[in-house]
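Here is the structure we will look at, set down as structure tokens.
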Amino acid sequence: MLEQYLPFVGLIIFGNIENLVLSSQGVVAGVNPLKLGIASICVVIVWLMIGTFATQLLFDYVDFIDFIGGLAIFILGLQAMIESVRGE
């Protein structure tokens, strides 16, 4: 069963790291940590459900999904770094 998710391991790992980066940005910006934590958990659960069910449907497009997901993670990380350097 776990074998079907192996092509997505990179997205799982880096997606979770990106979630931590975005959460830390929220804390630095002064967002209520409890609300931020609840929102973060809800988003992770939604992505878990989408990933679980969409994996069976879109397995033929795994390379494309990995590329788009990796690009999105890279862009969000770059945006977070630029904002932190600017002090926004």
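The values are calculated or read from the model by the stated rules, or taken from the named source; none is laboratory data. If you're wondering where the values come from, they're calculated on a predicted model, not measured in any experiment. All Cβ positions, glycine included, derive from the backbone under ideal geometry; neighbour counts span all protein chains shown. Note: areas computed on protein heavy atoms with side chains; ligands, DNA, RNA excluded. Shrake-Rupley method; radii C 1.70, N 1.55, O 1.52, S 1.80 Å.
List of remarks:
- A single entry from F14, F8 fulfils the requirement of being surrounded by 11 or more Cβ atoms within 10 Å (Cβ to Cβ), within 17 Å of L76 (Cβ to Cβ), of a type in the set (F, W, Y) and touching a residue at least 24 places away in the same chain (Cβ under 8 Å): F14.
- Summed over the range 17-49, the residues that are open to solvent by less than 80 Å² (accessible area, probe 1.4 Å) and either within 18 Å of I73 (Cα to Cα) or in contact with a helix residue (DSSP H, G or I) (Cβ under 7 Å, 6 or more places away or on another chain) (or both) give a count of 13.
- Residues of the range 39-88 classified as under 18 Å from I17 (Cβ atoms) and polar (S, T, N, Q), total: 3
- All positions within the range 69-88 that are surrounded by 12 or more Cβ atoms within 10 Å (Cβ to Cβ) and either within 15 Å of the chain's Cα centre (by Cα) or of a type in the set (D, E, K, R) (or both): G69, G70, A72, I73, F74, L76, G77, Q79, A80, E83
- Residues that are modelled with pLDDT of 75 or more and either of a type in the set (D, E) or under 22 Å from F64 (Cα atoms) (or both) within the range 18-44 comprise just one, V44.
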